[in-house]
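The values are calculated or read from the model by the stated rules, or taken from the named source; none is laboratory data. Not measured: the values here are computed from a predicted model. Cβ placement follows ideal geometry from the backbone for every residue including glycine, while neighbour counts extend to all protein chains displayed.
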Amino acid sequence: MAPRTSVPPIRRLPLVVTGDGDLLDDLLRLAAAGGTEVELAADPAAARTRWASAPLVLLGVDQAQACLRARLPKRPRLVLVGRAGQIDPGWQIAELIGAEHVAALPAAEPWLVDRLAEHGPDQPDGPNARIVALFGGRGGAGASVLAGGLAVTAARARLRTLLIDADPLGGGLDLVLGWEQLEGLRWPSLTSADGRVDAPALVQALPSRGDLVVLSWDRGEMLALPAAAMASTVDAAHRGRDFVVIDLPRQFDDAAVVALQAADQALVVVPAELRATAAAARVVAVAAPHCEALSVVVRGPAPGRLRATEVARALGLPLAGTLRPEPGLCRGLERGEAPAAAGKGPLAALCQRIVADLTGATSGAA
């Protein structure tokens, strides 16, 4: 068995969202007093790609209404900040945007310094998981199989891995892995989560084998996945896992947007076909504003001899890799065999490279 791989942490900084120069000066002064740096965004549009992944967001009251109009998803550790007299005494706007706290300056300055200090460079408990999100360029593109293969491959590399099924119409990633009989919580039991989720408790409650844990759907009534539940789950994964794979629906709801914004890498899987490429272009146009690192995986066969590089060029995306036809893969899935479990074949090779690129880990023996 390969030794457990130590993943160097990604340091994510608190995010300050304000267009008020005086308030910004105050918050930069408080961040310096707390011994930490911050990222800056003048408005919700500039903040969107960092909104979900930031460990703490300080939202200026001047941008609260804009935040509502932009439909940024609710998230944990959001603080509404303003000077005394600027913030609605009834705090209605804070409730609408999902702020956990309201900080009125100057009275709240010591409290804010303490919160910022919790995310300073000397704090060892910041988020460290690598997150990859996947979605299909058209229906049946194979994104769920690739998601399963990535999760299996990361677990083989002794990374503590969480596979999240964010597509309620996808049939269930537990079926892709052959795990439908395993006991554990599914999404319907977690959809009411809207705050900080204990990472060890979440991992213990979900279906698992070795280093791989899966959060999927049951076979009951279809439910919408709230953005707050996704934000809480991603937050727990940041703190308690090494590698997170999220399988997204093609039509992005607020929960999918939260996942995209938190992802270090997003992959769109596109069959090597003209119509699939045209369909993928529409999906990519919706996804691109929410993730800075978006690439394409092209899946064969190519009946019209369309090249992977041509697909990538048409979509305006980097080519993350290609998948050649693998006849035994479909037969194995029907028998309940997890994709890439044997560590051989085109899918396994691609998954090993993607995991290694994101984490530096290499796959070991099963």
- Query: Can you name the condition, by its number, that D253 falls short on among (1) within 18 Å of R75 (Cα to Cα); (2) crowded, with 24+ Cβ neighbours inside 10 Å?
  - Reply: (2)
- Note on the structure: So the helices (runs of 4 or more DSSP H) completely within the range 279-366 holding 2 or more residues that are assigned by TED's automatic domain parsing to the domain that holds V176 and farther than 25 Å from R209 by Cα are 308-315
- Message: So, L323, is that one of a type outside the set (V, I, T), in contact with a strand residue (DSSP E or B) (Cβ under 7 Å, 6 or more places away or on another chain) and modelled with pLDDT of 95 or more or not?
- Response: no
- Task: Mind counting the residues in the range 55-72 that are buried (at least 21 other Cβ atoms within 10 Å of the Cβ) and either in contact with an Asp or Glu (Cβ under 7 Å, 6 or more places away or on another chain) or of a type in the set (D, E) (or both)?
- Result: 2
- Task: Determine if the range 84-95 includes at least one residue that is aromatic (F, W, Y), closer than 24 Å to V257 by Cβ and not assigned by TED's automatic domain parsing to the domain that holds T233.
- Result: no
- Message: Give all pairs with beta carbons closer than 6 Å in which a residue from the range 336-350 that is touching a residue at least 24 places away in the same chain (Cβ under 8 Å) meets a residue that is of a type in the set (S, T, N, Q) and surrounded by 18 or more Cβ atoms within 10 Å (Cβ to Cβ); count only pairs at least 6 apart in sequence or on separate chains.
- Response: A340/T153; G343/S363
- Query: Looking at V234, is it touching a residue at least 40 places away in the same chain (Cβ under 8 Å) and buried (at least 24 other Cβ atoms within 10 Å of the Cβ)?
  - Reply: yes
- Item | Out of L248, L202, L162, L177, sole residue that is free of Cβ contacts under 8 Å to residues at least 40 places away in the same chain, touching a helix residue (DSSP H, G or I) at 6+ places or on another chain (Cβ under 6 Å) and either closer than 14 Å to A133 by Cα or buried (at least 22 other Cβ atoms within 10 Å of the Cβ) (or both) | L202
